1. About the Cα centre of the range B:1-149, how large is the charge dipole given +1 on each Lys and Arg Cβ and -1 on each Asp and Glu Cβ? Please answer in debye to the nearest 20.
2. From the phi of every residue in the range B:413-422, what ³J(HN,Hα) in whole Hz does the Karplus formula 6.51 cos²θ - 1.76 cosθ + 1.60 yield, where θ is phi - 60° and glycine or proline is x?
3. For the range A:3-14, in order, what is each residue's ³J(HN,Hα) by Karplus, 6.51 cos²θ - 1.76 cosθ + 1.60 with θ = phi - 60°, in whole Hz (x at glycine and Pro)?
4. Straight-line reach only, C-alpha to C-alpha below 16 angstrom: list the lysines that B:Lys403 could link to, leaving out same-chain residues fewer than 8 apart.
5. I need the per residue convex hull volume for chain A, using only the alpha carbons, in cubic angstrom as a whole number.
6. Quick one: B:Phe410, B:Phe261, fewest Cβ neighbours within 10 Å first, how do they rank?
7. Where the centroid of each part is defined by its Cα atoms, how far is the range B:295-356 from the range A:1-66 in Å?
8. In straight Cα distance, which aspartates and glutamates are under 18 Å from A:Lys174, not counting same-chain residues fewer than 8 positions off?
Amino acid sequence: HSDVKIAAGAVVCVESDIRGDVTIGARTVVHPKARIIAEAGPIVIGEGNLIEEQALIINSFPENILPDAEDIEPKTMSIGFNNVFEVGCVSQALKIGDNNVIESKAEVGRSVILSSGCIVGACCAVNTCEVIPENTVIYGSECLRRVQTERPQPQTLQLDFLMKILPNYHHLKKTVKASSTPARS
Amino acid sequence: MATLLQPEKVLYLVRGEKKIRVPLSQLYFCRYCSELRSLECVSHEVDSHFCPSCLENMPSAEAKLKKNRCANCFDCPCCMHTLSTRATNIPAPLPDDPTKTTMKKAYYLACGFCRWTSRDVGMADKSVASGGWQEPENPHTQRINKLIEYYQQLAQREKLERDRKKLARRRPFMPQAFSQHTIHVVEKYGLGTRLQRQRSGAPISALYGLSLKEGEDQKEITIEPAQALDEVEPLPEDYYTRPVNLPEVTTLRQRLLQPDFQPAGASQLHPRHKHLLMKRSLRCRKCEHNLSKPEFNPTSIKFKIQLVAVSYIPEVRIMSIPNLRHMKESQVLLTLTNPVENITHVSLYTCEEEDPDDINSTAKVLVPSKELVLAGKDAAAEYDELAEPQGFQDDPDVVTFRKSNKIGFFIKVIPQREEGDVTVAFKLRHDFRNLAAPIRNTEEVEATSEAIWLTHHVELSLGPLAT
């Protein structure tokens, strides 16, 4: 009954909480206790992403609109590839590009658009309505910013390791080809 | 409720050169003078230098040579965090055979907090893990060194003149008796530490620390005076119209941490070696005894000598405050803790009218008139479940509870002002047995030391009036 489409090659643990219309690309690892909730629209997650424990990716209704109102179009949240969502982060951004890192306990609001190579530092809350330019690092208690010269490296080593080890200790959700019928969770 | 336990609520008065009101946890107690001392009435001396990240000890002479910076550790120029060395594998051609490539390790510096890397400023990766990183050279070093030499010579000449003026009967190199203001002077050639008396009348010469080596030839060093230029480089034409690239502009803090260069652009921010921290020992100015002497090892947090006030003076803490109303009497519950191992007798007195110490109190206070007895601190008492009840007769109106070395008691507070915070003050008088004094009579069976009665002025801040 759920609309979770998990591509072949993705490792999604059973203990993760995925609700709504979610598509997960290949080589993505979703740790146990991660939550991906598509309330106000579908979520499309690309390839090679790393979503750690207690991370929350939520496509929720904006605060001042009731869920029952008729005239809201469901907006798709799209997440690119090679992103890292560290432990305990909260991401509501509608559009996330590639090679971004959202560090532990960071919060990204709904009106933010992360381009590529951005790093939102630990405990930083970004709630502005803007497109964060490429290769920006947001750090510190006052969310200072600087631009780095190269994008953060994709976590290929970590992804390979996890894809080998996680199945030894957790049951995985069933994968399905994206074009066929939805999978049972 | 935890806010009542904050140490800033209870202040003790220190009667030193200045009258300072500080919580007891920040005070020291000189048991030879039997007085409280704060950080302002002790002299601070440097014990040893160490690097905060690699915890390497450094002798003072070496520290002075390296300008108080560590040789191995670097600070991020962007966020001042400690930099860590990371390695990557890069293909590099073999020296024998240029066509084949082998993986070699290349090291670069990276900051874990703001993700700054040494590649951001164009520093090439090094092939050795440590020791390969150089700080950029200051272009004015030569001129500065020459100026320093000239002024050192000037200082030497001034010192000779001053010594000549001194009376001949006192040899200038004899260590003078300990007195009010003594400062530590480490001579360059390791003549040992010399304690020089800083004369209270004369101002400190700015060149005091620079002294020439003994017996050096008195070369006449001349310097050219700095030349004032008439023409200044003009600003670039688009200075006012060019849009500012904000990420490239350095903050003032980043700029001023590198006073040699003060780069305006973030791409010229080079990392600097990490600043050393020091361990200091404190010495009472009156009796010149050490009050606090840390251990030499940088990894150890213990002290060789630790005469802190909390381990000698009974501590007053606020336990609960009722609603305070203007001109109405309320009872505030306080606790008194006894830090020493023998029984302590404490009496409290209200401050008299026109007490010069009593400037902050905004309420009248009535303290218990009887003497309070505190049991000694027994380290094993917490493990002893069948503790025998202590045979103290407590007045239940005054003493609410008693638990090993702590008692709770009431004071009555009558706020005098309609607005503002309520502050009360009283005097705390307790007996102190000085265990530092030597036992004069070895024939005595009991090693009783005399009890001195000490009086302290305590101020409590009880917060605002209840609305």
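1. Working: 20 positive and 16 negative charges, 72 e Å.
In total the dipole reaches around 340 debye.
2. Here the 3J(HN,Hα) series is 10, 10, x, 9, 10, 7, 10, x, 7, 8 Hz.
3. Each residue of the range A:3-14 in turn: 9, 8, 10, 10, 6, 5, x, 8, 10, 10, 6, 5 Hz.
4. List returned: B:Lys377.
5. Details: hull volume 21.1 nm³, N = 185.
Value for chain A: 114 Å³ per residue.
6. On the way: B:Phe410 18, B:Phe261 13.
Ordered from fewest to most neighbouring Cβ atoms within 10 Å, B:Phe410, B:Phe261 come out as B:Phe261, B:Phe410.
7. Cα centroid of the range B:295-356 versus Cα centroid of the range A:1-66: 57 Å apart.
8. A:Asp3, A:Glu15, A:Asp17, A:Asp21, A:Glu47
A short reminder: the numbers here are calculations on the coordinates, not readings from a lab. Just so we're clear, the structure is a prediction, and the values are computed from it rather than from any experiment. Here the Cβ is made from the backbone with ideal geometry for all residues, glycine too, and neighbour counts use every protein chain on show.
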